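**Q** Before I ask anything, let me first share the structure, which is written out below as structure tokens.
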Amino acid sequence: MLRAPSGILEDGRDFWAAGKALYDPAGIRVPTFLAHAEWDADLPSYMVYAYFAKLTNAPYKRYVQIGEGTHTIMMEKNRMQLFQAVQQFLDERLKPNQ
């Protein structure tokens, strides 16, 4: 079973659909990992690229795209690629500017 809070619907209406950001990605100051699925129609690639570019103060950042997946990639055939990419990022012992 997958459960998701419904507050995201209100946030989507009040902020994203209105063109207002909830926060400034430049304020993120920790290592950051973004994963995206190739066929995600809910979050098109151009939006992920734009967000990634705004992570200007993260000590390092990574973007991974998983092929042949949608917004629910974590329940699809290529989910293990996602899980492995996340685990690799978490296991790294990189220092800033490395």
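The values are calculated or read from the model by the stated rules, or taken from the named source; none is laboratory data. Predicted model only: the values in this text are computed from it and were never measured. Methodologically, a virtual Cβ is constructed for each residue, glycine included, from the backbone with ideal geometry; neighbour enumeration extends over all protein chains shown. With ligands, DNA and RNA removed, areas are computed over all heavy atoms of the protein, side chains included. Shrake-Rupley method; radii C 1.70, N 1.55, O 1.52, S 1.80 Å.
**Q** Using R₀ = 22 Å, calculate the FRET efficiency as 1/(1 + (r/R₀)^6) where r is the Cβ-Cβ separation of Asn57 and Gln87; round to 0.05.
**A** 0.30
**Q** Given a Förster distance of 30 angstrom, what is the FRET efficiency for Ala41 paired with Leu94, based on the Cβ-Cβ distance and rounded to 0.05?
**A** Given R0 = 30 Å and the Cβ-Cβ separation, E is 0.35.
**Q** Separate question: Looking at segment 12-61, which chymotrypsin sites (Phe, Trp or Tyr not before Pro) are DSSP coil and have at most 11 other C-beta atoms within 10 Å of their C-beta?
**A** Passing sites in segment 12-61 are Tyr23.
**Q** Short version: ³J(HN,Hα) in whole Hz for each residue of segment 9-22, in order, from phi by Karplus 6.51 cos²θ - 1.76 cosθ + 1.60 (θ = phi - 60°), x for Gly and Pro, what are they?
**A** Once rounded to whole Hz, the list reads 5, 5, 4, x, 6, 7, 10, 4, 5, 8, x, 10, 7, 6.
**Q** Using +1 on the beta carbon of Lys and Arg, -1 on that of Asp and Glu, and nothing else charged, what's the dipole of the chain about the Cα centre, debye to 20?
**A** It works out to roughly 380 debye.
**Q** Would you kindly derive the ³J(HN,Hα) couplings of segment 29-41 from the backbone phi angles with the Karplus curve 6.51 cos²θ - 1.76 cosθ + 1.60 (θ = phi - 60°), listing them in order in whole Hz, with x for Gly and Pro?
**A** With coefficients 6.51, -1.76 and 1.60, one gets 10, 10, x, 10, 10, 10, 10, 9, 9, 3, 9, 6, 7 Hz.
**Q** Would you kindly find the accessible area of Met80, with a 1.4 Å probe and non-protein molecules such as ligands, DNA and RNA excluded, rounding to the nearest 10 Å²?
**A** Accessible area of Met80: about 110 Å².
**Q** Could you report the accessible area of Val48 in Å², rounded to 10, computed with a 1.4 Å probe on the protein chains as they sit in the structure?
**A** 10
**Q** On to the next question. Considering the values (1) 21, 14, 14; (2) 23, 21, 12; (3) 22, 17, 12, which represents semi-axes √(5λ) of the Cα gyration tensor in Å as calculated for the structure under consideration?
**A** Derived directly from the coordinates: (2).
**Q** Can you give the accessible area of Lys77, probe radius 1.4 Å, in Å² rounded to 10?
**A** Roughly 150 Å² of Lys77 is accessible to a 1.4 Å probe.
**Q** Would you mind checking which residues have amide H under 5 Å from Phe33's amide H? H placed 1.01 Å from N; only 5 or more apart, or other chain.
**A** Here the answer is Arg62, since their amide H atoms fall under 5 Å of that of Phe33.
**Q** Only helical DSSP H runs with n ≥ 4 go in: add -39500 (n - 2.57) per run for the chain, normalise by residue count and round the 222 nm mean residue ellipticity to 500 deg cm²/dmol.
**A** -8000 deg cm²/dmol
**Q** Here is a follow-up. Whole-Hz ³J(HN,Hα) for each residue in segment 64-78, computed from phi via Karplus 6.51 cos²θ - 1.76 cosθ + 1.60 with θ = phi - 60°, x for glycine and proline: what do you get?
**A** 10, 10, 9, x, 6, x, 10, 4, 9, 3, 5, 10, 10, 4, 9
**Q** Multiplying the sequence separation of Ile8 and Phe33 by 0.36 nm and subtracting their Cα-Cα distance, what value in nm do you get?
**A** Additional length available on full extension: 6.9 nm.
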